[in-house]
Each structure stands twice: as structure tokens, then as C-alpha cells.
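Below is one structure, written out as C-alpha cells; the observations come after it.
The values are calculated or read from the model by the stated rules, or taken from the named source; none is laboratory data. These numbers come from a predicted model, not from an experiment. Don't worry about glycine lacking a Cβ; one is built from the backbone with ideal geometry, like all the others, and counts go over all protein chains shown.
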Amino acid sequence: MQGALRYDFAMADGNWKRPSFRVALISTGGTIEKTYDELEGVLSNKVSVLQVMLGSLQLGGVAIERVNLMNKDSLEMTPGDHQRIAEKALECAGDADGVVVVHGTDRLAVSGHRIYELEPKPRVPIVLTGAMRPYVMRTTDALQNLTEALLAVQLAKPGVYVAIHNKLLAFPGVRKDTESGTFIREEPHA
């Protein structure tokens, strides 16, 4: 079934079962996945914490397929990395009911725009998200943003979006605003 709403259906034995909404969760790294390296005394992208984050959520009716694409700070991403992310998101959109891309916020808009350039009308919602503060910090926004992205991918119509800080913004025209520390829609040029 294509679309965001799913309905209960009766099995042949008369029992009711809710079909799972299939989400491809693409991991690319970024602040949301940074952990503290005690030996070097820095936050770095060495291991993913997404499984820990997912384990803390109630995800009934959602089947998540993890796709570990890369684990990079987005400031280190190349144009080839953005192309690879876009191609993988669109590939996953062919099989899943929705796609969530976990990404560093500094270059998230570059990947979002690249996905949109390759396919302005994907078959399913593709939602990018990230965090301004790593999951391992007490004041993190990581879990909120991941939760919002997982909800948005089930409710939004097909398109390319960023879900962060209680907002869902559609590409194109999305950018990170460093002054406010979140994403905004760009003002059209007169």
C-alpha cells in the first residue's frame, strides 16, 4: 500500500493484524551520531548510537531497516558523498513506505537539495534529520528530531523534507540558519 496511512486488516484465521509501515533508515553520521572519545577528548563519528536511540522509542507498527551508508561529519562530505546519499535514498524509496536520512546538519540541505534535483517527486516521503547537539549530551535534541522524522515519514505526502525542532520543511528552499540554530525556508529573491 502506498501512502502514509495504514489500516488494520483481517487475517485468514479471523485475527486482526496491523501491517508494518516499512521505513528505510539511512545513517550518514553527523552530530546526532557523535560519541565521546575518551582517549582523544573529543566528540567524533566512530560508532553509531542510532540503535540505542531506536531502542528507547515505542515503534509499534513500524518496521525499520537500517542502512549504514557512512559515518561522517557533514563538514567532511564531498559532492560525491551527497550524490551517494541521494542515490541511496531514492533506491530505498523504491522498496520502503518511507525513508529517513540521519545526517549532519551543516550540509544536510546540500543532500536534501541533491535528492530533490534527482527526483522532485519521489514515490514516498524522504525525510532528513539531524541534531545540533549529540545524543550523548544531556541537552540533546537528537531523540526529539529522530522521533519527529519517524512520525513525519508516516504522515507526509511523497516529497523531500527536513524534520527538526518541531518543523517539517519541504525542499527546495530549505537551509540551516546558524543564527537561530535550526532550519528555515529561504526567502524568495525579489
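Against the definition (of a type in the set (A, V, I, L, M, F, W, C), modelled with pLDDT under 95, farther than 21 Å from Asp73 by Cβ and not in a strand (DSSP E or B)), how does Ala131 come out, yes or no? Full working, then the answer.
Numbers: of a type in the set (A, V, I, L, M, F, W, C): yes; modelled with pLDDT under 95: yes; farther than 21 Å from Asp73 by Cβ: no; not in a strand (DSSP E or B): yes.
No.
Restricting the first member to segment 49-72 and to residues that are at negative phi and charged (D, E, K, R), and the second to residues that are surrounded by 13 or more Cβ atoms within 10 Å (Cβ to Cβ) and in a loop (DSSP other than H, G, I, E, B), the beta-carbon pairs closer than 7 Å and six or more apart or on different chains are Glu65/Ala96; Lys72/Asn45. If you filter segment 56-114 down to residues that are touching a Gly at 6+ places or on another chain (Cβ under 6 Å) and not aliphatic (A, V, I, L, M), you find that the one that is surrounded by the fewest Cβ atoms within 10 Å (Cβ to Cβ) is Asn71.
Can you tell me which residue is modelled with the lowest pLDDT among those in segment 12-44 that are part of a loop (DSSP other than H, G, I, E, B) and within 17 Å of the chain's Cα centre (by Cα)?
Filtering segment 12-44 down to residues part of a loop (DSSP other than H, G, I, E, B) leaves 12-15, 18-20, 30, 34, 38-41.
Adding the requirement that they be within 17 Å of the chain's Cα centre (by Cα) leaves 30, 34.
On the way: Gly30: 76, Lys34: 53.
Selected residue: Lys34.
Pairing each residue of segment 94-115 that is at pLDDT 95 or above with any residue that is of a type in the set (Lys, Arg), provided the two are 6+ apart or on different chains, yields C-beta distances under 7 Å for Gly94/Arg123; Ala96/Arg22; Asp97/Arg22; Leu108/Lys176; Ala109/Arg175; Ala109/Lys176.
Quick grid of which residues meet (1) touching a strand residue (DSSP E or B) at 6+ places or on another chain (Cβ under 7 Å); (2) in a strand (DSSP E or B):
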position: Thr139; (1), (2): no, no
position: Asn145; (1), (2): yes, no
position: Ala149; (1), (2): yes, no
position: Val153; (1), (2): yes, no
position: Val160; (1), (2): yes, yes
position: Ala163; (1), (2): yes, yes
position: Leu168; (1), (2): yes, yes
position: Pro172; (1), (2): no, no
position: Arg175; (1), (2): yes, yes
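Of everything listed in (1) among the small types (Gly, Ala, Ser); (2) out of contact with any Pro (no Cβ under 9 Å at 6 or more places or on another chain); (3) in contact (Cβ under 8 Å) with a residue 12 or more places away in the chain, the single unmet condition for Gly159 is (2).
For segment 97-110, what are the residues that are under 18 Å from Glu148 (Cβ atoms) and of a type outside the set (D, E, K, R)? Step through it out loud before you land on a result.
Within segment 97-110, the subset under 18 Å from Glu148 (Cβ atoms) is 97-105, 108-109.
Gly98, Val99, Val100, Val101, Val102, His103, Gly104, Thr105, Leu108, Ala109, listed by residue number.
Within the set Val174, Val110, Val127, the sole residue that is touching a helix residue (DSSP H, G or I) at 6+ places or on another chain (Cβ under 6 Å) and under 16 Å from Leu25 (Cα atoms) turns out to be Val127.
Residue-level analysis places Gln154 among those that are modelled with pLDDT of 95 or more, surrounded by fewer than 23 Cβ atoms within 10 Å (Cβ to Cβ) and out of contact with any Asp or Glu (no Cβ under 6 Å at 6 or more places or on another chain). Anything in segment 160-182 that is in contact with a Leu (Cβ under 6 Å, 6 or more places away or on another chain) and either aromatic (Phe, Trp, Tyr) or over 16 Å from His113 (Cβ atoms) (or both)? List them, or say none. Tyr161 - this is the single residue of segment 160-182 that is in contact with a Leu (Cβ under 6 Å, 6 or more places away or on another chain) and either aromatic (Phe, Trp, Tyr) or over 16 Å from His113 (Cβ atoms) (or both).
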